[in-house]
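Visitor: Next up is a structure, given as structure tokens.
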Amino acid sequence: MKLLVIGAGMMGSAAAYDMAREESVESVTLADADKKRAKDAAARINKLARNHKVRAVEVDAGSEKAAAKLMRGHDAALSAVPYFFNLGLARAAVEARCHFADLGGNNTVVREEFELDKKAAKRDVAIAPDCGLSPGMASILAGELMRRIGGEAGALKIYVGGLPQNPKPPFNYQLMFSVEGLINEYAEPAKILRKGKIVEIEPLSEAEVFRIAGFPPLEAFHTSGGTSTLPETFRGRVGECFEKTLRYPGHLAMLRALYDLGLFSKEKRRVGKVEVGPRELMAKLFEERFAGMDPDVTIMRVEAHEKRPGGLRALLAEKRPARVLSFTLVDHSDARTGMTSMMRTTAWPASIIVQMLASGDLAKRGALRQETEVPAEAFLSAMARRGIQIQYEER
């Protein structure tokens, strides 16, 4: 297999490393607008993987023509650049007849990618948006829980967070992925299922306490993008479906204050003779204040709650609690490879999907919904081989 990764940042580098260490992968092209960045990353990966499979090239991710030219000759490509490049890159992949996946995270962009479904299928190309941690791995696990619980559920709940192992006040947070993606999560509406119907609600809302062994009580709240296509897929079969972000206590109150002040808005404001974009300013400040490579931990729990005919009264009459099926992940950074947990749990799932596309293990063409198309057992096995254990429980 000949694979392409566009974007040589943390996620792109981690994905390229994962691809390079697989025997079935012949070569990996790592592309970035900054040629030096790509070359430095390729050199690190080749040393870590103990081979010379990765080569660096320069490409402008905003140029569909340049991207399509680069994609030709590759079996599949992964976009590891900010979400606003993904639609153009998906179009380029269809043109180049190259399978395509991205790290996604923006509902509008994903919807536009799905509009390429028929054209992609006609050209024998698969497009897999929203590959990564959540959406991505969480979607695959949610789909598997739905199969195991019988196809209908009272609720499908996802809790996920990337956190510093040693939080530092006042924000108790460390930026471990694209700042544009982070602010998009905090600024855009969250798409959920409520009483079986798709609704949009404010981000940074409906906080609850989340508990897991080994950690203090965490805050869980709605953010944008995490449910991806789950609400459309399970509308009418699931009463409630949502994804909530996990943070240490106190983080939400500070973020909510910034949101209420309008500091995540795209609408520019005139300050003197200068126009200032609040979201652009916050992105710059977040990069300066939150960036870091201290040890991190990723926590994820995906739950499917049994749907009982007749509701609560029937449940009480039967004198047994409803079943809850769940997958739980707790992963830490790896000092040996220098990979953060967020890199391992975001980039490696995307790499697995790209390899499945290129090898033919994912045979569907057109736009793919991971919760229905990705074989969960094969995916879980691939993650386990990489040392990432995901625990299943039924209670």
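Visitor: In the stretch 1-145, if the dipole is taken from +1 on Lys/Arg beta carbons and -1 on Asp/Glu beta carbons about the Cα centre, which of Asn106, Ala16, Ala138 is farthest to the positive end?
Guide: Comparing the listed Cα positions along the dipole, Ala16 ranks first.
Visitor: Measure off 7 Å from each Cα along the Cα-to-Cβ vector at Glu23 and Lys284, then give the distance between these two points in nanometres to one decimal.
Guide: 5.2
Visitor: How large is the charge dipole for the chain, taken about the Cα centre, if only the Cβ atoms of Lys, Arg (+1) and Asp, Glu (-1) carry charge, to the nearest 20 debye?
Guide: Computed about the Cα centre, the dipole is about 220 debye.
Visitor: Now a separate question. Hey, what do the phi angles of the stretch 365-374 turn into as Karplus ³J(HN,Hα) couplings, whole Hz, using 6.51/-1.76/1.60 and θ = phi - 60°, x for Gly and Pro?
Guide: Going residue by residue, I get 10, x, 7, 9, 9, 5, 5, 10, 9, 7 Hz, with x marking Gly and Pro.
Visitor: Still on this model: Of the beta bridges DSSP finds with both residues in the chain, what % are antiparallel, to the nearest 5?
Guide: Roughly 55 percent of the beta bridges in the chain run antiparallel, per DSSP.
Visitor: Something else about it: I need to check one value: relative contact order of the stretch 134-342, counting alpha carbon pairs closer than 8 Å and at least 6 residues apart, in percent.
Guide: 29
Visitor: Once each part is reduced to its C-alpha centroid, what is the distance from the stretch 361-395 to the stretch 232-281 in angstrom?
Guide: First find each Cα centre; the distance between them is then 30 Å.
Visitor: If you don't mind, another one. Assuming R0 = 56 Å, what is the FRET efficiency of Ile201 and Ala43, from their Cβ-Cβ distance, to the nearest 0.05?
Guide: So, using R0 = 56 Å, E works out to roughly 0.75.
Visitor: For Lys168 and Glu232 in one chain, what is 0.36 nm times their gap in residues minus the Cα-Cα distance, to one decimal in nm?
Guide: Between Lys168 and Glu232, full extension yields 19.2 nm more.
Visitor: While we're looking at this one, here's another question. P(r) tail for the stretch 134-342, what percent of Cα pairs lie past 29 Å?
Guide: For the stretch 134-342, the fraction of Cα-Cα distances above 29 Å is 32 percent.
Visitor: Another question about this same structure. Got a sec to turn the phi values of the stretch 9-19 into Karplus ³J(HN,Hα) couplings, 6.51 cos²θ - 1.76 cosθ + 1.60 with θ = phi - 60°, whole Hz, x for Gly and Pro?
Guide: Per residue, the Karplus-derived 3J(HN,Hα) values read x, 4, 6, x, 5, 5, 5, 4, 4, 4, 5 Hz.
Visitor: Tally Lys/Arg at +1 and Asp/Glu at -1 over every other residue whose Cβ is under 11 Å from the Cβ of Glu202; what's the total?
Guide: -3
Visitor: What GluC sites (Glu not before Pro) in the stretch 240-303 are in a loop by DSSP, with at most 15 other Cβ atoms within 10 Å of the Cβ?
Guide: Of the GluC sites (Glu not before Pro), the ones in loops of the stretch 240-303 whose Cβ has at most 15 other Cβ atoms within 10 Å are Glu267.
Visitor: Sticking with this one: Shape call for the stretch 107-171 from the C-alpha gyration tensor, a ≥ b ≥ c root eigenvalues: rounded (a/c under 1.5), prolate (a/b greater than b/c) or oblate?
Guide: oblate
Visitor: Relative contact order (percent) for the chain, with alpha-carbon contacts under 8 angstrom and 6 or more residues of separation?
Guide: Computed value for the chain: 19 percent relative contact order.
Visitor: Using a Förster radius of 35 Å, what is the FRET efficiency between Lys268 and Lys122 based on their Cβ-Cβ separation? Nearest 0.05, please.
Guide: Calculated value: 0.30.
Visitor: When the Cα atoms of the stretch 243-395 are enclosed in a convex hull and the volume is divided per residue, what value in Å³ results?
Guide: Enclosed volume per residue, from the Cα hull, is 238 Å³.
Visitor: Based on the Cα atoms of the chain, what semi-axes does the equivalent ellipsoid have, where each is the square root of 5 times one gyration tensor eigenvalue, given in whole Å with the largest first?
Guide: 32, 26, 21
Visitor: What fraction of the DSSP beta bridges in the stretch 125-281 is antiparallel, stated in percent and rounded to the nearest 5?
Guide: 65
Visitor: Right, something else. Distance from the Cα centre of the stretch 140-198 to that of the stretch 37-82, in angstrom?
Guide: Value for the Cα centre distance between the two parts: 29 Å.
Visitor: How much length would be gained if the chain were fully extended between Arg97 and Ser359, taking 0.36 nm per residue of separation minus their Cα-Cα distance, in nm to one decimal?
Guide: In short, 92.8 nm is gained.
Readers should treat all values here as calculations from the given coordinates under stated rules, not as data from a laboratory. Keep in mind the model is a prediction, meaning the values are calculated, not measured. Glycine gets a Cβ as well: all are built from the backbone with ideal geometry, and neighbour counts include every protein chain shown.
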